[in-house]
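Below is one structure, written out as structure tokens; the observations come after it.
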Amino acid sequence: MFRSLPFAKMKVILSGLFAALALSSCSGLGAGPQGPTSILSRPDMQMDPSPLISALDDHIYFSKEASSGGRSFGGGGCGCN
Amino acid sequence: MKNQNIIAALATAAVSALGTGTSEAQLGQADLLGTDFKGSLLFYTEPDRVTAVEAIIEGYYSLSQRDTLGIKLVVDSLTGSSASGAVSSDFDQTFTTPSGNGTYTTRAGETPLDPSFLDTRYSLSPTWTRAWDSNYETVIGANISKEYDYFSVSANALVNYTTDDRNRTYSAGFTIAQDSIDPEGGLPIAFGLIQNQGGIQPRLLGEEDKTTIDLLLGITQVIDEKSLFQFNYSLSSSDGYHTDPYKFLSVIGPGGRPVIEDPGTGLSRVLYENRPDSRLKHSVFAKYKRDFDGNVLDASYRFMFDDWGINSHTLDLKYKIRLNETSYLQPHLRYYMQNEADFYQPFIVAGTEPAAGDTASIASSDYRLGEMSGFTVGLEYGWDNVDRPWSVALEYYLQSLGTVDGQFGELLNQDLSEDVSAIILKFNMDF
């Protein structure tokens, strides 16, 4: 089921993972605990403030393009002809 | 007015139910119980092609400070015409509908579209979100989806771990889905020749299945008091039936014209497509959000590649412009590009056809597997910071298809890369 990956593509993934690791090890990042009135606690600062709209978009583009997923997962399968 | 803590907590639950992507590192746990309902409505129309209407309603109920149950119901309806995979020519062509009981004729110079596209889908998705402590949260979910010829059932699980300083959330998710398809008219035989209406079609009774496993790993990092970054890697592996049972390929004769199978009826010679029986997809997704004094930038990029030879890039930009305390405008731009699948071919040259039932050969002329770029531009207007936030968005979506290799004769006079455009209208509301 899992075929070996081309080296160039593996490099892309590994680069991303290293970037994430670099990010996670950077002690200069962060804001510490924030109160309920902070900017980051606003609904529009959530990573996906409108999940239902995102679900509609995913359905459209899943049906019209050869790519899907990446942002999140879940939802249901469809024939989507 | 609702307590903002409830809204924030429920928003977190809603986001979590769909996957990663929460900045819950900055959110407190729900300290009040409550219910919440959200709804969305979509109108999607391609001139002269497909029209879709989709409604989603979602409800959340907090059982306790730790547990939230969710339920989502989706109903969508599709009607209209869909590209069949055949090519246009300089004469009228007749095709048999998937049921085998009807025909349709495509005029000279027009892209063949199957007008018998009609389906309604119902989907139900329950979720259970539990905050185990201030660090760990889990989301367990399921989905069942049914349409006329398709049935899907899936289960998913997600774990979020938020660090003590609330600056970082690690996410790991898993989904397994089992789909089955029972096509109108039966299962097509690979490269089977479609017969006249009423004839014995190259189809078999029964249904086919597909099993899909998705894995997702993600990190959401608070950068500072105003910005966040997210990185996801996801893997999707599917085994089973991937062929579109309603797509076929034209057989092209000398002179670059489709072969006429039956001069009496004008039936064009077309063969059912056949796709690989597995697919392995990788996606890398990055997103950045930043507040600019009440305005919000939301930028994301996705790179996807798979073992069908498809690479794609998706860039998405939104910028929320606050008009006043309660209303906003949000322009949206999206750009997408993909190259073609290894087995994509827009037609088959006569004399090179695989034999009927040759499942070792793979070929599809579905334009969605060809070279393509997509561009979306839109504008959203909405009210937030009110009891019942709502929004409306109008978008225009244009798909431009790549040039087709190997054209000859009359094919050179035909537009085999016809653009596809769509108007999209979306409503969203918290009840």
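The values are calculated or read from the model by the stated rules, or taken from the named source; none is laboratory data. Note that this is a predicted model, so its numbers are computed, not measured. Counting neighbours? That spans all protein chains shown, and the Cβs are built from the backbone with ideal geometry, glycine included. The area values use the complete protein model at the heavy-atom level, side chains included, leaving out ligands, DNA and RNA. Shrake-Rupley method; radii C 1.70, N 1.55, O 1.52, S 1.80 Å.
So what does the Cα-only Debye profile of the range B:167-217 read at q = 0.21, 0.26, 0.29 Å⁻¹, as log10 I(q)/I(0), no solvent term? Each listed q corresponds, in turn, to -0.81, -0.99, -1.09. The 3J(HN,Hα) values that the Karplus relation (6.51, -1.76, 1.60; θ = phi - 60°) gives for the range B:217-233 are, in residue order, 10, x, 10, 10, 10, 6, 8, 7, 5, 10, 9, 9, 9, 9, 9, 10, 10 Hz. Gly and Pro appear as x. Lys-Lys pairs in the range B:244-342 that are eight or more residues apart or on separate chains and whose Cα atoms lie under 23 Å of each other come to 5.
Only DSSP H runs of four or more residues enter the estimate; each adds -39500 (n - 2.57), and after division by the residues of chain B the mean residue ellipticity at 222 nm equals -1000 deg cm²/dmol.
For the range B:328-345, the Karplus equation 6.51 cos²θ - 1.76 cosθ + 1.60, evaluated at θ = phi - 60°, returns couplings of 8, 10, 9, x, 9, 10, 9, 10, 9, 8, 9, 9, 8, 5, 4, 9, 6, 8 Hz by residue, with Gly and Pro reported as x. How big is the gap, in Å, between the Cα center of the range A:47-73 and the Cα center of the range B:36-68? With the range A:47-73 and the range B:36-68 each reduced to a Cα centre, they are spaced 13 Å. I'd like the distance between the alpha-carbon centres of the range B:308-382 and the range B:168-224, rounded to an integer number of Å. Value for the Cα centre distance between the two parts: 17 Å. Residues whose amide H falls under 5 Å from that of B:ALA86, counting only those 5 or more places apart or on a different chain, are B:PHE248, with hydrogens built in the peptide plane. Amide H to amide H distances under 5 Å link B:GLU340 with B:GLU371, where only residues 5 or more positions off or on other chains count and H is placed in the peptide plane. Summarised in one figure, the compactness ratio Rg/Rh of the range B:294-378, Cα atoms and Kirkwood Rh, is 1.27. Charge dipole of chain B (Cα centre as origin; +1 on each Lys and Arg Cβ, -1 on each Asp and Glu Cβ, all else neutral): 940 debye, rounded to the nearest 20.
The fraction of Cα-Cα pairs per 5 angstrom bin, counted from 0 for the range B:187-340, comes to 2, 7, 11, 12, 11, 10, 9, 9, 8, 7, 6, 4, 3, 1, 0 percent, rounded to whole percents. With θ taken as phi - 60° and the Karplus curve 6.51 cos²θ - 1.76 cosθ + 1.60 applied, the whole-hertz 3J(HN,Hα) list for the range B:278-288 is 8, 8, 10, 10, 10, 9, 10, 10, 10, 9, 10 Hz, x standing for glycine and proline. The Cα trace of chain B gives Rg and Dmax of 24.3, 77 Å, the first to one decimal, the second as a whole number. Expressed as a whole percentage, what fraction of the accessible surface of chain B belongs to carbon and sulfur atoms when a 1.4 Å probe is rolled over the protein heavy atoms? Carbon and sulfur together cover 59 percent of it. For the range B:44-64, a reduction of at least 10 Å² in accessible area between the chain on its own and the assembled protein chains (probe 1.4 Å) is found at B:TYR44, B:GLU46, B:GLU54, B:ILE56, B:GLU58. Relative to the dominant Cα principal axis of chain B, helix B:4-18 is inclined by about 30°.
Overall, the range B:303-431 carries a charge dipole of about 700 debye about its Cα centre when +1 sits on the Cβ of Lys and Arg and -1 on the Cβ of Asp and Glu, all other atoms neutral. Pairwise inverse Cα distances across the protein assembly as shown, averaged and inverted, put the Kirkwood hydrodynamic radius at 24.1 Å. In a reduced charge model with +1 at each Lys and Arg Cβ and -1 at each Asp and Glu Cβ, the protein assembly as shown shows a dipole moment near 1200 debye about its Cα centre. With 10 Å bins beginning at zero, the pair-distance distribution over Cα atoms of the range B:207-289 amounts to 14, 23, 19, 18, 14, 8, 3, 0 %. Partner shielding of B:219-227 amounts to 5, given as the average count of beta-carbon atoms from other chains within 10 Å of each residue beta-carbon. Sparse packing (at most 15 other Cβ atoms within 10 Å of the Cβ) combined with a DSSP loop state is found for the following chymotrypsin sites (Phe, Trp or Tyr not before Pro) in the range B:96-172: B:TRP132, B:TYR148. Rounded to the nearest 100, the interface formed by chains A and B buries 7100 square angstrom of accessible surface, both chains summed, with a 1.4 Å probe. Evaluated at q = 0.17, 0.23 Å⁻¹, a Debye calculation over the C-alpha positions of the range B:36-129 (equal weights, vacuum) places log10 I(q)/I(0) at -0.80, -1.09. Net charge in the neighbourhood of B:SER234 (other residues with Cβ under 11 Å of its Cβ; Lys, Arg +1, Asp, Glu -1) is +2.
The loop-placed trypsin sites (Lys or Arg not before Pro) in the range B:57-135, going by DSSP, that have at most 14 neighbouring Cβ atoms within 10 Å of their Cβ come out as B:ARG66, B:ARG107.
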